[in-house]
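Engineer: Okay, here's the structure, questions in a sec.
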Amino acid sequence: MPHTKPRHVQVVPKASIMWSYLVLRPSVAAVAVIFSIVVTRILKTILIWRRIKFVPGPPADSLILGNTGDSKCPDRHSVISKLSEKYGAILRRRLLDQHVIQGQLFGKSVASAFNTSNMKAQFPNIRLACGQLIDILKSLDGKTAVDMDSALCRESLDVIGRVGFGRDLGATRNLSEGDGPGQAMAVTNAALFEAEHTLLDPLRGYKIWRKDVRAGTAATKEFHKVMQSLVKSMRTETPDPSSIAAHLLEIKDPSTGKPLDDKRLLPEVSTLFMAGFETTGHTAAWVVFAVSQHPEVEAGIVKKLRGLGLLATSEAPDPRPIQWDDIPQLHYLTATIKETMRLYPVAGGATYRHSKSGKDVALCGGNFILPGGVDLHMPIAAVHHAKDVWDEPYTFKPERFLEDGAEDAKGVPLVSGRKPQRFMPFSQGSRDSVGQTLARLNLTATLAQLYGNFSFQLAPKMGGAQGVEASRRTAITLSCDKGMWMNFGQRVQ
Ligand code: HEM
């Protein structure tokens, strides 16, 4: 009799092979891919480490996370300055598998929206936003403290609304927290806070079991919704030709030669919105704080305002509105704003550069080679507080900016034939702040009008200057965690 295998003996092993083929092979392949990615990244990290190990830097807190723990302090700006004081002007850190060189180096499509003629055309809008804030403050008794950080962020939000998008966002119509603009500000702040934390903890997005991570993700989604509605309104309402929105709509996508679609427009609008109002608002609040601690500085500002007819006096209780031509004459106020931006650079840790070509880059006139694959962090705060280029770096002295060449780093050799700079609140180079002209204009015009009408004192609940310093917080931008509560008096009752 011929030997025949029972059918089921053949079928069962085949099915199990198929099963393992279908189920095991994709998972084995996935594991192999993940394994090779991890190994490649580890090898790359080790290779780069061998090239930069001579650069001083803090020891890693953890084998895997590297120096991400350095950044746990709520004020990243002061962490950066302290690291520079300890390890020198150029230092290295590791964030997970990413090597970073932190270096104090002394050293755009919507740009035309910020040219002089557009800024001049938009000047009345800046004056209008500030005028609304002044009216609200005048309607209050001044004995009840006001959070000037929030008030000045509202004012900047209205400036961005009008100058940027030709829209009245109504942020300075009242100062109540729960209104629409107040909610938009809170969402932006929460989204920035989440961005800051994600920057410091690359694994944060995966920690979905944490309530703060879930809240941060929700805030970011909400922020995107607000931005989507802004983009929609830009498309439906024709913006003023001198507004940023009009310039954005004219940009052509280099890959298609057509105007930007919503997907490309959204990040541009979001960056302008985020970068535009918090930075200016917090800077103005730091000025109001710093001046409240230095009555002699306030007296200097007031003297000039009186000379220009911009001060409320008993003879002229309503000073004349500020004009475009007044701005260059306000030297002392400008010096005060610069000194505040030196001490409290609100975007003081924000400048990062990544070599796109992946090749080595020569820095400091060739004295230092940045190996390809290593990111460069340029900590503006550390440059602004470096004692080798600033005399008494932690003392508030606006007069230093009245001297010729105050922004040059003296005693530092020329770099590529140019004088290295020690003052760079808007960063430097081709990626510096595109909105700096608007920011400067808004700060000078707004603060001139505020000091023309009011004098501010730090509210007792802030715990004095020490309380403010102890509550510094970095959420991409530097602010005071408690807000900036001020009592104020009108120059003429
Ligand atoms: C006091 C106010 C401001 C400060 C201190 C400030 C500072 C900065 C800094 C340090 C950067 C990083 C630049 C770099 O990476 O090198 C930046 C980028 C930027 N800023 Fe400002 N900024 C201010 C106001 C504004 C305003 C009013 C706008 C627009 C309306 C604006 C728009 C931008 C944009 C779009 C970027 C990104 C530029 C890019 O990535 O190429 N900023 N800003």
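Engineer: Go through the range 428-451 and report how many residues are among the polar types (S, T, N, Q), surrounded by fewer than 16 Cβ atoms within 10 Å (Cβ to Cβ) and more than 20 Å from residue 333 (Cα to Cα).
Structural biologist: Total meeting the criteria: 1.
Engineer: Another question about this same structure. In the set 64, 34, 80, which member is outside the structural domain of residue 192 (by TED's automatic domain parsing), outside any helix (DSSP H, G or I) and either modelled with pLDDT of 60 or more or surrounded by 11 or more Cβ atoms within 10 Å (Cβ to Cβ) (or both)?
Structural biologist: The unique qualifying residue is 64.
Engineer: What is the one condition in (1) more than 29 Å from residue 193 (Cβ to Cβ); (2) within 16 Å of the ligand (Cβ to nearest atom) that residue 387 does not satisfy?
Structural biologist: (2)
Engineer: May I ask you to list pairs of residues, at least six apart or on different chains, whose Cβ atoms are under 6 Å apart, with the first in the range 362-384 being closer than 23 Å to residue 408 by Cβ and in the same structural domain as residue 431 (by TED's automatic domain parsing) and the second being at pLDDT 80 or above and of a type in the set (D, E, K, R)?
Structural biologist: Qualifying pairs under 6 Å: 384/342.
Engineer: Also: Do you know which of the residues in the range 229-253 that are within 22 Å of residue 117 (Cα to Cα) and polar (S, T, N, Q) is nearest to the ligand (Cβ to nearest atom)?
Structural biologist: Looking at the filtered set, the residue picked out is 243.
Engineer: Restricting attention to the range 270-293, which residues are at pLDDT 85 or above and among the aliphatic types (A, V, I, L, M)?
Structural biologist: Matches in the range 270-293: 284, 285, 287, 288, 290, 291.
Engineer: Which residue out of 417, 429 is within 11 Å of the ligand (Cβ to nearest atom), modelled with pLDDT under 90 and at positive phi?
Structural biologist: 429
Engineer: For the structure I just gave you, tell me whether residue 296 is more than 26 Å from the chain's Cα centre (by Cα), more than 10 Å from the ligand (Cβ to nearest atom), farther than 16 Å from residue 396 by Cβ and among the charged types (D, E, K, R). Outline the logic, then answer.
Structural biologist: Values: more than 26 Å from the chain's Cα centre (by Cα): yes; more than 10 Å from the ligand (Cβ to nearest atom): yes; farther than 16 Å from residue 396 by Cβ: no; among the charged types (D, E, K, R): yes.
For residue 296, the condition - more than 26 Å from the chain's Cα centre (by Cα), more than 10 Å from the ligand (Cβ to nearest atom), farther than 16 Å from residue 396 by Cβ and among the charged types (D, E, K, R) - is not met.
Engineer: Counting only residues that are hydroxyl-bearing (Ser, Thr, Tyr) and surrounded by fewer than 19 Cβ atoms within 10 Å (Cβ to Cβ), which one in the range 254-282 is farthest from the ligand (Cβ to nearest atom)?
Structural biologist: Looking at the filtered set, the residue picked out is 256.
Engineer: Right, something else. Can you work out which of the residues in the range 347-363 that are of a type in the set (S, T, N, Q) and assigned to a loop (DSSP other than H, G, I, E, B) is nearest to the ligand (Cβ to nearest atom)?
Structural biologist: 355
Every residue, every condition in (1) in the same structural domain as residue 313 (by TED's automatic domain parsing); (2) more than 16 Å from the ligand (Cβ to nearest atom); (3) at pLDDT below 95; (4) among the hydroxyl-bearing types (Ser, Thr, Tyr), yes or no:
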site	(1), (2), (3), (4)
439	yes, no, no, no
443	yes, no, no, no
447	yes, no, no, no
453	yes, yes, no, no
456	yes, yes, no, no
466	yes, yes, no, no
474	yes, no, yes, yes
478	yes, no, yes, no
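Engineer: From the list 217, 256, exactly one residue is within 30 Å of residue 74 (Cα to Cα) and assigned by TED's automatic domain parsing to the domain that holds residue 347. Which is it?
Structural biologist: 217
Engineer: So, one more: Where residues in the range 151-181 are closer than 15 Å to residue 121 by Cα and among the aliphatic types (A, V, I, L, M), which of them is modelled with the lowest pLDDT?
Structural biologist: 163
Engineer: Further question on the same structure: Output the qualifying pairs, or none if there are none: Cβ atoms under 7 angstrom, residues six or more apart or on different chains, first residue in the range 306-329 and within 16 Å of residue 445 (Cα to Cα), second residue of a type in the set (Asp, Glu).
Structural biologist: Final answer for the pair search is 308/326; 310/326; 312/318.
Engineer: Then there's this: Hey, any hits in the range 200-223 for a residue that's charged (D, E, K, R), under 20 Å from the mean Cα position of the chain (by Cα), within 14 Å of the ligand (Cβ to nearest atom) and under 30 Å from residue 481 (Cβ atoms)?
Structural biologist: Among the residues of the range 200-223, not one is charged (D, E, K, R), under 20 Å from the mean Cα position of the chain (by Cα), within 14 Å of the ligand (Cβ to nearest atom) and under 30 Å from residue 481 (Cβ atoms), which makes the answer no.
Engineer: Mind checking which strands (runs of 3 or more DSSP E) fall wholly inside the range 432-486 and carry at least 2 residues that are among the aromatic types (Phe, Trp, Tyr)?
Structural biologist: Fully inside the range 432-486 and qualifying: 454-458.
Engineer: Let me confirm something: among 332, 344, which residue is within 16 Å of the ligand (Cβ to nearest atom) and among the aromatic types (Phe, Trp, Tyr)?
Structural biologist: Selected residue: 344, the only one of 332, 344 that is within 16 Å of the ligand (Cβ to nearest atom) and among the aromatic types (Phe, Trp, Tyr).
The values are calculated or read from the model by the stated rules, or taken from the named source; none is laboratory data. Since this is a predicted model, take the numbers as computed values, not measurements. Note: ideal-geometry Cβ built from the backbone for every residue, glycine included; neighbour counts use all protein chains shown.
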